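A short write-up of the structure that comes next.
The values are calculated or read from the model by the stated rules, or taken from the named source; none is laboratory data. In this text, all values refer to a predicted model and were calculated from it rather than measured experimentally. All Cβ positions, even for glycine, are placed from backbone atoms using ideal geometry, and neighbour counts span all protein chains on display.
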Amino acid sequence: MNELLRKRFSASSRRGLYPSARVPPLPGMEMRAREDTCMSHDLTPPIPPYAVSLHDRFLCSHCSSCFRALPSHAPQQCFDLKSRSNSAPPFSCPTCFASVRYCSSACFASDRPLHVSSHECFLLHQSHSGTCPADDDTADLRVALRLLYSLEMRGLLPSESTDLPNRIGGLLVSDLQKVLEEGGEVAEKIREGGMRMSCARNSGGLHGAVMVEEVVLWAVITNAVEVQVSKGPALGVAVYGPWFSWFNHSCSPNACYRFELDNWCEESTSCESSSFRVSPASTDEASIAWQGWYHEEGGLAREFCKYGPRIVVRSIKPINKGEEVCVTYTDLLQPMAIRRVDLWPKYRFSCCCERCSASPQLYVDYILSCDARNLNTKNNNSATAEYDELADLLHEAIAEYSSEDNPKSCCYKLESLLLSQSSRGNNSMENTLSGRKFLLHPLHHLSLSAYVALASAYRSLYIIGLYEEQNGEALKMGRAAAAYSLLLAAATHYLSLFESSLIAPTSHFWLSAGETILNLVQSSISGKAKEKYESKFRSVSHFQCAKIERLSRDEFMSNSMQFIECISTILSRCWPFLVRSFSYLEKIEDPINFTWLGGAILRPLCSLGSKGTTAFGKSKCFAWEYQSGRRIEEEMNCLYQLAIYSLRYGRYLATICYGPQSYLIDKLTI
Ligand SMILES: C[S@@+](CC[C@H](N)C(=O)[O-])C[C@H]1O[C@@H](n2cnc3c(N)ncnc32)[C@H](O)[C@@H]1O
């Protein structure tokens, strides 16, 4: 296991390897609200990128300019020299063995000059001619080459000097010297990457100093974001100008962001500062100069990238005028120690947000890392060695699944580990405690990571079962996939009641649970039965998401509680069917109600009222009558409702966090 991954999962990271959260933030740029804003409002217009690049594995299948998928009949083999013809889509660059492709002549014309002049073309040519490791993704280097060239052309690179600059094109690049001196993975990446960039820029020859390449690569590491425009892995990497890159991080953020590929208008003037609900602010004099730059020269950057994914920042909490607006740079479902380990190497700060500096620590951080036996005591003295061993084993199983794609082995290993470390649930927890030095519960971050992998692995086994026409086995695997997806959605939903920014990952998990269950139902019933369910459900349910503009926190909480009430009724009927013959899952009697974990978990819920209007229609939750001794069709009937409710609630949350334009919303017809 590599060092960084080992630290991610290891409790030793809690023992002061990184500076304490009490270190005050460095002065710099930040974004503040210009007016009072409700949750679920776009705070910026769509912001065009400074530079974008697809990850290597998407170069063949997506347009390198606009990031849209290429027509499916396009040849998938990158190095097929016959595909070098440019008379019909996909249009490709002949110089780098057609590594880079475009969906239209407009995209080709707009992007190819930058592709060639930035020497991205040469770098790809080199990579594919076998001089570089084939499994090494070059997106960061390519986006850095593109950024470097664009900055150079606009005179935005600092003049030659022996001192390293603090900013380039408005982007923070301080601390590079320290990073290089301290060494480690990131320093190595910058040194090696800087050389490869310099080599590409000098057509194979190495030019003495690579300082400028290293600075720009560091700007990419500190400021770039992964571009997520569809389900599955991120398509590429993008760097945005100050309009986006000046948003700081918080572990309890009040905003998140989405990417947009559509409706791009070349003449758009929407990036005028008047169309922003935020404006830059700073605490030190040097930064105030940059604030001026933002208003006066920042417009230059509008022409950087005509196509490519634009980014929109959106509020996920009510924000007061003057309040700082922050997004997250890391996975918020990790406990504080791991978030800190994640953030430090790339961003060089220790977060002092209200979540990180709360004393005693907030409930959500406590529960994410607490030994199951300590839930009632608020004491988290878990045995470190036991925890480390478990974390390592779980991580190894997950890493093996990612690299070797053996879902069966992953399910076996993870479930065996969970089973050997789990509490029994309900009132019998104490019975299982003897002999154990660490005990997992379902809200622990290690359990959540395991559920993500298990849901995915069982989904793969379900598809394999269907493909091999082993319907009984497929149904069994599909049940487990649905159960783990639901458990994950319910657990993060529960955590989001205590840390509301977690509604963003929660929306993904409910949508994924809904889709998994729907697939299971659709592959298990006849078309006729499906029609019957659909019409029956449509005629009685008013379960619709109400408008989300001007949504108050009380309304949102009330809607969430009502959703949980509805789904609990249905879930109690189909959970036993989903988990039958899966030993770990069978231990969890009620996946939506975590009160069985103990007294400490109950308290925060008592303050949640149910005021305000509901988003889920005027009718009460609807659930079909349950009869004992049901047949498979009746189980499916019940699961169908569960799928619809999960999808609709997931869509409701996704609309709040990402807006109705999000890719998460528009594919859903239910
Ligand atoms: C993408 S930039 C954000 C804007 C930056 N503050 C600036 O002045 O340009 C990322 C850098 O901002 C700083 N930063 C972001 N969030 C921070 C936080 N919560 N506390 C301290 N520094 C932070 C770190 O230096 C980080 O490397």
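Among the candidates 184, 205, which residue alone is loosely packed, with under 15 Cβ neighbours inside 10 Å and modelled with pLDDT under 90? Walk me through it before giving the result.
Values: 184 fails: modelled with pLDDT under 90.
One residue alone meets the criteria, 205.
Taking the conditions exactly as written (of a type outside the set (Lys, Arg), in contact with a Ser or Thr (Cβ under 6 Å, 6 or more places away or on another chain) and modelled with pLDDT of 90 or more), does residue 45 satisfy them or not?
Numbers: of a type outside the set (Lys, Arg): yes; in contact with a Ser or Thr (Cβ under 6 Å, 6 or more places away or on another chain): yes; modelled with pLDDT of 90 or more: yes.
So residue 45 fits the description; yes.
Being more than 13 Å from the ligand (Cβ to nearest atom), under 26 Å from the mean Cα position of the chain (by Cα) and modelled with pLDDT of 70 or more narrows it down to one of 259, 247, so name that one. Walk me through it before giving the result.
On the way: 247 fails: more than 13 Å from the ligand (Cβ to nearest atom).
Answer to the selection: 259.
Restricting to the stretch 319-338, name every residue that is more than 17 Å from the chain's Cα centre (by Cα) and more than 10 Å from the ligand (Cβ to nearest atom). Give the steps one after another, and end with the answer.
Of all residues in the stretch 319-338, those more than 17 Å from the chain's Cα centre (by Cα) come to 319-325, 336-337.
If the condition is that a residue be more than 17 Å from the chain's Cα centre (by Cα) and more than 10 Å from the ligand (Cβ to nearest atom), then 319, 320, 321, 322, 323, 325, 336, 337 are the ones that fit.
Going by the conditions given, is residue 457 under 22 Å from the mean Cα position of the chain (by Cα) and modelled with pLDDT of 85 or more? Outline the logic, then answer.
Numbers: under 22 Å from the mean Cα position of the chain (by Cα): yes; modelled with pLDDT of 85 or more: yes.
Against the criterion (under 22 Å from the mean Cα position of the chain (by Cα) and modelled with pLDDT of 85 or more), residue 457 qualifies.
When only residues in the stretch 339-364 that are assigned to a helix (DSSP H, G or I) and more than 16 Å from the ligand (Cβ to nearest atom) count, which is nearest to the chain's Cα centre (by Cα)? Don't jump to the end; show me each part of the working.
First pass over the stretch 339-364, keeping only residues assigned to a helix (DSSP H, G or I): 339-347, 354-357, 363-364.
Still in the list and also more than 16 Å from the ligand (Cβ to nearest atom): 363-364.
On the way: 363: 23, 364: 19 Å.
The selected residue is 364.
Could you please find all residues in the stretch 306-332 being at pLDDT below 70 and either of a type in the set (S, T, N, Q) or within 20 Å of residue 172 (Cβ to Cβ) (or both)?
Keep residues of the stretch 306-332 that are at pLDDT below 70, which gives 306.
Those that are at pLDDT below 70 and either of a type in the set (S, T, N, Q) or within 20 Å of residue 172 (Cβ to Cβ) (or both): none in the stretch 306-332.
Test residue 485 against the stated conditions and say whether it is at pLDDT 95 or above, surrounded by 21 or more Cβ atoms within 10 Å (Cβ to Cβ) and of a type outside the set (A, V, I, L, M).
On the way: at pLDDT 95 or above: yes; surrounded by 21 or more Cβ atoms within 10 Å (Cβ to Cβ): yes; of a type outside the set (A, V, I, L, M): yes.
Judged against the criteria, residue 485 is a match.
Among the residues of the stretch 229-244, what is the count of those that are touching a residue at least 40 places away in the same chain (Cβ under 8 Å) and away from the ligand (no atom under 12 Å from the Cβ)? Lay out the reasoning, then the answer.
Our first condition is that a residue be touching a residue at least 40 places away in the same chain (Cβ under 8 Å); within the stretch 229-244, this holds for 229-231, 233-244.
This time we only want the ones that are away from the ligand (no atom under 12 Å from the Cβ), so: 229-231, 233-238.
The number of residues fulfilling the criteria is 9.
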